[in-house]
Amino acid sequence: MGKGLFNKILIANRGEIAVRIMNGCRLLGIPTLAVYSTVDKNAVHVRTADEAVEIGPPPPNESYLAIDKIIEAAGKHNCDAIHPGYGFLAENPRLPEACEKAGIIFIGPPSDAMRLMGNKVESRIKMADAGVPLIPGMKSAGASIEQFRDAAGKAGYPVLIKAAAGGGGKGMRIVKKAEDLQASVEAAKREAKNAFGDDTVYLEKYIEDPRHIEFQVLADNHGHTVHLFERECSIQRRHQKIIEETPSTALTDEVRKKMGEAAVRVTEAAGYRNAGTVEFLFDKNSNFYFLEMNTRLQVEHPVTELVTGVDLVVEQIRIAAGLEISAYVHKATQRGHAIECRIYAEDGENNFLPSSGDILYYEEPTGPGIRVDSGVTGNSVVGVEYDPILAKLITYAPDRDLATAKMINALKDYKILGIKTSRKFMIEVLGHPEFKAGRTYTNFIERYMSDRKIDFDAAAEMAAAVSSAAMMKSSKSVSAGKKALMPSPWQTIGPWEIGRSISK
Ligand code: MV4
């Protein structure tokens, strides 16, 4: 094989997304360099890469967020491109800027498009000019309390105060009546100043019980911008998505077409390149409003890949190398249904406390239409240093009911012993009649899952799990007579999940 699109790509990330990106590189024949912190010495992403280099101690600021160390590693190891994944440096415009200085290609958008989308007020102004539907509210940052009063009067209560530097739900405040407005604006400003070092806030009408529907886009340097349809991401807990699917049960072909066109307009107006996601809020009357644009490859990209057949990482690399979007991408349609469940190292039975420890036994579900993107394996150690996402389980089937059934089976077959996970909680969500009916709103978890009865005997589970682990590790086969008396440890959901929950 001749020289690939790049000499070598540095993956500035860890866990499942680093592994996913490396697999994309391998498809294109491009060697990969992993970077890792000292606790990740034996991590899956380090073992998956062609080469790996330690860049610092566990605190992200000294390793996965250290731009200078990453650029230096790229130079030393002949990498001519860097892929940031999601999280860490993915939406920090200083990384593409540092890459440019060092003569390295950044596999992502230009820094100015990233900066524009990082400022929610600036991006609103830009998108209003581009004719994209926006949530009613201020056209610029609120400068005086009179402006807030005026905007709230026009929009009608309840209203929402948001930080310009916010996004992802941070620093938002609902205001229900005029008497509360001034105090809320002042509190929001203080919060924004503390959290982001910028006290710019603005006001929007509060949309009640919305859906969160986003569109995947790709843009190359040859004038092509395409969308790859929607992802429904309404099932989330405290602004953390837990289940995503496509197609959305809420969209008609007519609305889908309009939203897709709006997503392309957003992308073009921002001068955006590479892969991105345009987020919309979708209300009870099927109105949609531009919310923000995520300037990265997203956690939930696999559902789009399964339903459209497009390899998003391959397209990202091609675009960064200056090629056109692949011809087949322009013909992509939505075929079948895909659902993703995020498997977090969090105790789904105990208020989602983070869980850590050694994985004692690990077995992923397999079968047609089952995809697992994971960053752990049978002897991984799950620490508390980083994001608690262990893996993503994605199912694909001809329709939503079958994809859901396949997901429930796959979750039951997913064996993770040694740490607590969100696996069982997911099974309950998927089995809920409101989920089955497709009524997925951003308030779903709060509304339907917060007061569920937990039938959980920790001591019994611990005992069962320990014996399961011992049995699975033992090379001796169990005699037929004994086997008949012993219930399969995998027959019920969950006895293998032991481990500690850590109070923060
Ligand atoms: C809103 C909203 C209702 N009305 N804006 C939360 C994340 C951030 N990107 C914007 N968010 C919201 N903005 C108005 N005017 C409700 C949310 C919201 C939300 C949005 C997407 C996904 C989950 C959410 C959960 C709670 C609130």
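Some points to look at:
- Of the residues 37, 111, the one with the fewest other Cβ atoms within 10 Å heads the list, and the complete ranking is 111, 37.
- Computed on the Cα atoms alone, the convex hull of the range 97-184 gives a volume of 124 cubic angstrom per residue.
- Sorted ascending by nearby beta carbons within 10 Å, beginning with the fewest, 129, 198, 373 become 129, 198, 373.
- Alpha-carbon centroids, the range 344-369 and the range 1-78: separation in whole Å: 25
- Dimensions of the range 114-156 along the principal axes, based on C-alpha atoms and rounded to the nearest Å, stand at 31, 20, 12, largest first.
- Of interest is the spacing of the C-alpha centroids, which for the range 134-165 and the range 257-310 amounts to 25 Å.
- With Cα atoms as the point set, the radius of gyration and Dmax of the range 260-323 evaluate to 13.1, 42 Å.
- Taking every Cα-Cα distance in the range 57-127 and sorting them into 5 Å bins starting at zero, the pair-distance distribution P(r) comes out as 3, 16, 25, 23, 16, 9, 5, 2, 1 percent.
- Binning all Cα-Cα separations of the range 30-78 at 5 Å, short to long from zero, yields these whole-percent fractions: 5, 24, 32, 26, 12, 1.
- Sorting 185, 19 from the fewest to the most surrounding beta carbons within 10 angstrom yields 185, 19.
- Cα convex hull, the range 9-107: 80 Å³ per residue, rounded to a whole number.
- The Cα atoms of the range 136-205 cover 29, 21, 21 Å along the three principal axes, with the biggest extent listed first.
- Percent of beta bridges antiparallel (DSSP, the chain, rounded to nearest 5): 80
- Among the listed pairs 205/420; 8/120; 154/193; 176/412, those beyond 32 Å (Cα-Cα): 205/420; 8/120; 176/412
- Whole-Hz couplings from phi, Karplus 6.51/-1.76/1.60, listed for the range 266-272; x for Gly and Pro: 4, 4, 5, 5, 7, x, 6
- Percent of C-alpha pairs per 10 Å bin, the chain, short to long: 4, 18, 27, 28, 17, 5, 1, 0, 0
Every number here is computed from the coordinates shown, using simple stated rules; none is lab data. Source: prediction; values computed, not measured. Glycine also receives a Cβ, built like all others from the backbone with ideal geometry; neighbour counts cover every protein chain displayed.
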